[in-house]
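This report refers to the structure that appears directly beneath it.
The values are calculated or read from the model by the stated rules, or taken from the named source; none is laboratory data. Treat the numbers as computed from the prediction; the structure is a model and nothing was measured. Because the Cβ atoms are built from the backbone with ideal geometry, glycine has one as well, and the counts that use them run over all protein chains shown. Please note that ligands, DNA and RNA were not included when accessible areas were found on the heavy atoms of the full protein model with its side chains. Shrake-Rupley method; radii C 1.70, N 1.55, O 1.52, S 1.80 Å.
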Amino acid sequence: VTVFFSPSLFSSDAICSFVICNDSSLRNQPIIFNPDFFVEKLRHEKPEVFTELVVSNITRLIDLPGAELAQLMGEEDPKLPGANSTASGFFRSLMSLKRKEKGVVFGSPLTEEGIAQVSQLIEYLHKNLRAEGLFRVPGNSIRQQILKDALNSGTDIDLDSGEFHSNDVATLLKMFLGELPEPLLTHKHFHAHLKIADLTLFDEKGNKTSTPDKERQIEALQLLFLILPAPNRSLLKLLLDLLYQTAKKQDKNKMSAHNLALMFAPHILWPRNVTANDLQENITKLNNGVTFMIKHSQKLFKAPAYIRECARLHYLGSRAHTSKDDLDLLTSPGSKELQPLKSQKRSRLDTCHQEETQQRTEEALKELFRHVHNMPDSAKKKKLIRQFNKHPTALTPGSDVPTSPAPRRTRSRSFSGLIKRKVLGTPVILERKSRDATPEPERVSKENVHLLQKCGSPAHMSQAKLKSLEGRKEESCRRMRAHLLSKDSSSL
């Protein structure tokens, strides 16, 4: 089977767009999409980042004090009810005696191998859900021991042979769960489940009611199940699905979701080695919590949409799906090469944003200038126009709106000073002025312009031409300069 990934169609609800299958027997099989692909990828590759993401959202939904949060994170040992009582010590010693002879499955910590063996029991019970009193009526102890030994030794078992009854298998499944070192939902999650049971709706005035907030409870359980150990989560999913299907046939087996919760709450949620007296008022919460899990089991093993999105963005890095970027990030470890491309895209976006902002600013300035131009003549209008003239970089609607030239005060300048700057300037200054653009014409009187035209302006000719004319005009210019100096001596 060849699977082609299409990042252009890649979303949080799909992994591949189409499949080419070379085996004709598999072509009619349904294609399975895993919406939690990136969630599982993040869980296995970066567990610390994954745990921080999930726990931060758990604490948003339920209030966990510092000690309980530390227990949830595994930073402190769980403090459980009845841990120091005499009865608890007795039960702990009794259970340790039962676990002296540990097998591969029963009495051992949960492993994938143990789950593979127990899954045979679950598969068989799915076919026999109509037995009345299933999980409540005990089976035959001798047949149960034979079956237990077979599972511990890893022997293949033919449960369909008719040698075992469905009540034998159901009782053995509860026995397996009861002999685990800790409950299926683990000790460190115990206080979180108590808090989830307390999630209720609020009335119009913001006061808590007694009505459970089902949506928040489902969301909190989804998050809590995400940080369960992988074997615990796998077996919990198999078990809750079995109990859900059992409750659907309660008209035949007489086992409702609540009845099943009473049977399984001590095995999957109650702390080990405690009695009913140790739990006291929490028993109702715990039993109702398991009932809720059974009824909504088909929703609890899906990651919330925002967790999927965060996990996807962690790997894809952008909401925009570009085929090359997505494919490279999924297939090649050297995804750092894409960072320059992303920075270039960001710079282009920033440039476009700056241009758009500049355009809006220019339009606003035009509108403002039109408004000032249409104002009646007054001192305020003149002041505003002078403000525009002080900022030549600000765009004014020179061609769009006909504007009357603002009156400017002309400053009298000495023609002798002009001649000094024009004629007696150093060669370096002359070269620099010749390379620069033609300056704005000076505002001088007609007489000064006429005299300037006679002498010639060295600023508008090359240095070579200036030298060739220097001899012929030196005398005449000296005379004229002396005349002007004597005439404008006050300005020198």
Examine the range 228-243 for a residue that is in contact (Cβ under 8 Å) with a residue 12 or more places away in the chain, farther than 22 Å from Leu121 by Cα and open to solvent by 60 Å² or more (accessible area, probe 1.4 Å), and state whether such a residue exists. no
Which pairs have Cβ atoms under 9 Å, sit 6 or more apart or on different chains, and link a residue in the range 46-57 that is part of a helix (DSSP H, G or I) to one that is acidic (Asp, Glu)? Asn57/Glu219
Residue in the range 205-224 that is outside any helix (DSSP H, G or I), open to solvent by less than 40 Å² (accessible area, probe 1.4 Å) and either farther than 19 Å from Leu286 by Cβ or in contact with an Asp or Glu (Cβ under 9 Å, 6 or more places away or on another chain) (or both) present: no
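Residues are listed down the side, and each one gets a yes or a no for (1) over 18 Å from Ile268 (Cβ atoms); (2) polar (S, T, N, Q); (3) open to solvent by 20 Å² or more (accessible area, probe 1.4 Å); (4) in a helix (DSSP H, G or I):
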residue: Ala131; (1), (2), (3), (4): yes, no, yes, no
residue: Arg136; (1), (2), (3), (4): no, no, yes, no
residue: Gly139; (1), (2), (3), (4): yes, no, yes, no
residue: Leu151; (1), (2), (3), (4): yes, no, no, yes
residue: Lys174; (1), (2), (3), (4): no, no, yes, yes
residue: His191; (1), (2), (3), (4): no, no, yes, yes
Exactly one of Asn287, Asn273 is in a helix (DSSP H, G or I), among the polar types (S, T, N, Q) and touching a helix residue (DSSP H, G or I) at 6+ places or on another chain (Cβ under 8 Å), and that one is Asn287
Taking the range 286-302 only, how many residues are surrounded by fewer than 18 Cβ atoms within 10 Å (Cβ to Cβ) and in contact (Cβ under 8 Å) with a residue 60 or more places away in the chain? 5
Complete set of residues in the range 244-262 that are in contact with a helix residue (DSSP H, G or I) (Cβ under 7 Å, 6 or more places away or on another chain), in contact (Cβ under 8 Å) with a residue 40 or more places away in the chain and surrounded by fewer than 17 Cβ atoms within 10 Å (Cβ to Cβ): Gln245
